[in-house]
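Computed from the coordinates by the stated procedures, all read-outs in this text should not be read as laboratory data. Everything numeric here is computed off the predicted structure, so don't read it as measured data. Here the Cβ positions follow ideal geometry from the backbone for every residue, glycine too, while neighbour counts run over all protein chains shown.
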Amino acid sequence: MAMQKPLIGIVMGSNSDAERLKGAFEVLKELEVPFEVTIASAHRTPKDVANYAKKAKDRGIKVIIAAAGLSAALPGVLAAHTTLPVIGIPLEVGPLKGMDALLAMAQMPPGIPVATVGIGQAINAALLAVQILSLQDPSCSKKTAQYREKASKKVSTARDALTELPKAPPEAFLD
Ligand code: RP5
């Protein structure tokens, strides 16, 4: 079976970040959205980061997700070298537990935005990337709706399962 060309490029600053991105990989696999993963560091391999960003669009990538911890220049540097949307995932690494990465990604100077999700929120980054793809591909819109439907069912199942507490009646949730 021919592999579909990746639409989302996930760049992590270090191999040590991979574990924290599992949620994103799982969501994209579940939604069957083709993606690729690589490691490149804004500080340790700056040329690779620039080249990856410059070539991504022509290779068919539509959205870049960049994850890093510590001072986390990675998403901003990628964004500086491409007009593709870049989503940043600040990772909970080091003594500041991701606050440093969060601020570095969210507080980009005007002109080069990075769409920053919360610390460690890899799943949200994947979902946001799929929503961006849905602007061009209606099947991604459908996949997002199905994902939400499943998440919503989980909440109502948990609500129904409440037994030990005085719970609100079902009619409290009717339209
Ligand atoms: C960042 O520094 C990486 O993204 C990683 O989160 C952190 C530590 O990297 P290693 O020292 O584990 O390679 O650039």
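So the values come out like this:
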read-out	value
Lys, Arg +1 and Asp, Glu -1 on Cβ, resulting dipole of region 8-140 about Cα centre, debye, nearest 20	360
Loop GluC sites (Glu not before Pro), region 1-87, which have at most 11 other Cβ atoms in a 10 Å radius of their Cβ (DSSP)	Glu32
Two-decimal Rg to Rh for the chain - Kirkwood Rh, Cα set	1.06
Residue with peak Gaussian network fluctuation, the chain [Cα springs, cutoff 10 Å], from Ser152, Ser14, Ser71	Ser152
Value of relative contact order over region 8-140, rounded to a whole percent, pairs C-alpha under 8 Å and six or more apart	26
Whole-angstrom gap from region 122-175 to region 17-54, using each part's C-alpha centre	26
Interchain or long-range residues, amide H under 5 Å from Ile39's placed H	Met12
Residues Met108, Met99, Met12, sorted so that the one with the fewest Cβ neighbours within 10 Å comes first	Met99, Met108, Met12
Sorted by Cβ neighbour density within 10 Å, fewest at the top, the residues His43, His81	His43, His81
Sequence-distant aspartates and glutamates (8 or more away, or on other chains) whose Cα lies within less than 18 Å of Lys142	Glu26, Glu30, Glu32
Percent breakdown of C-alpha pair distances by 10 Å bin, ordered from the shortest bin, for region 1-81	18, 51, 28, 3, 0
Backbone HN-Hα couplings from phi across region 74-83 [Karplus 6.51/-1.76/1.60, Hz, Gly and Pro as x]	3, x, x, 5, 4, 4, 5, 10, 8, 9
Least to most buried among Leu162, Leu70, Leu84 (fewest other Cβ within 10 Å first)	Leu162, Leu84, Leu70
